[in-house]
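A.B. asks: Got a structure here, written out as structure tokens. Questions coming.
The values are calculated or read from the model by the stated rules, or taken from the named source; none is laboratory data. Since the model is a prediction, treat every value here as computed from it, not as a measurement. Because the Cβ atoms are built from the backbone with ideal geometry, glycine has one as well, and the counts that use them run over all protein chains shown.
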Amino acid sequence: MRYLFPALVAASFAAAAPAWAQDPTGEWLVKDGTAQIRIVKCGSSFWGVVSWEKTPGGRDTQNPDASKRSRPTLGMPTLLDMQASDPGEWKGEVYNAENGRTYDASMALRNAGTLHIKGCVLGFLCGGEDWMRTQAKQAQSQKSATARDPATATAAAICSSVGAGPSH
């Protein structure tokens with residue numbers, strides 16, 4: 001009987017521990033601190049949009065589609081259609097506005113506060129970085145929260161804005 005209580009406590013912690021590993025939704029600060037990405041679940045996949053910029057007013061100037069080069073980077077999809085591949089891991093694509101390219105990508109939760117993002121070209125030339133979980137910041141380029149503010153928009157509004165596929 002004296003071993004029953006510690007066993008129950010250990011079992012409850014073991015059952016609760018993997019809960020964070022199954023859900024990357026939330027706000028993530030990129031490695032260099034220049035932006036936050038808000039990850040939401042859309043159907044069976046995860047999408048990430050720029051929800052805050054250190055320097056407001058960025059534009060997607062390197063987009064290969066000339067008609068999109070003036071679009072704001074705030075609210076722009078960066079993590080595209082990330083689908084579960086293993087527990088705590090997802091695969092899809094990542095859009096890099098710095099060079100206008102889309103890469104095969106994966107993301108994996110290292111722990112509750114760290115998300116590792118990796119993008120690859122040709123399947124073997126890869127680079128990655130760790131993002132830190134953070135709190136939402138209101139877009140500095142707007143005076144008040146609106147439906148167009150990706151930091152405060154509902155997940156449904158973000159899912160609707162990204163549509164069925166990449167919007168870049």
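A.B. asks: What residue, of Q22, Q36, Q62, is over 17 Å from A136 (Cβ atoms) and modelled with pLDDT of 95 or more?
C.D. replies: Q62
A.B. asks: Sort out which residues of the stretch 47-93 are touching a Phe, Trp or Tyr at 6+ places or on another chain (Cβ under 9 Å) and free of Cβ contacts under 8 Å to residues at least 60 places away in the same chain, and write them in order of number.
C.D. replies: G48, T78, L79, M82, Q83, A84, G92 - these are the residues of the stretch 47-93 that are touching a Phe, Trp or Tyr at 6+ places or on another chain (Cβ under 9 Å) and free of Cβ contacts under 8 Å to residues at least 60 places away in the same chain.
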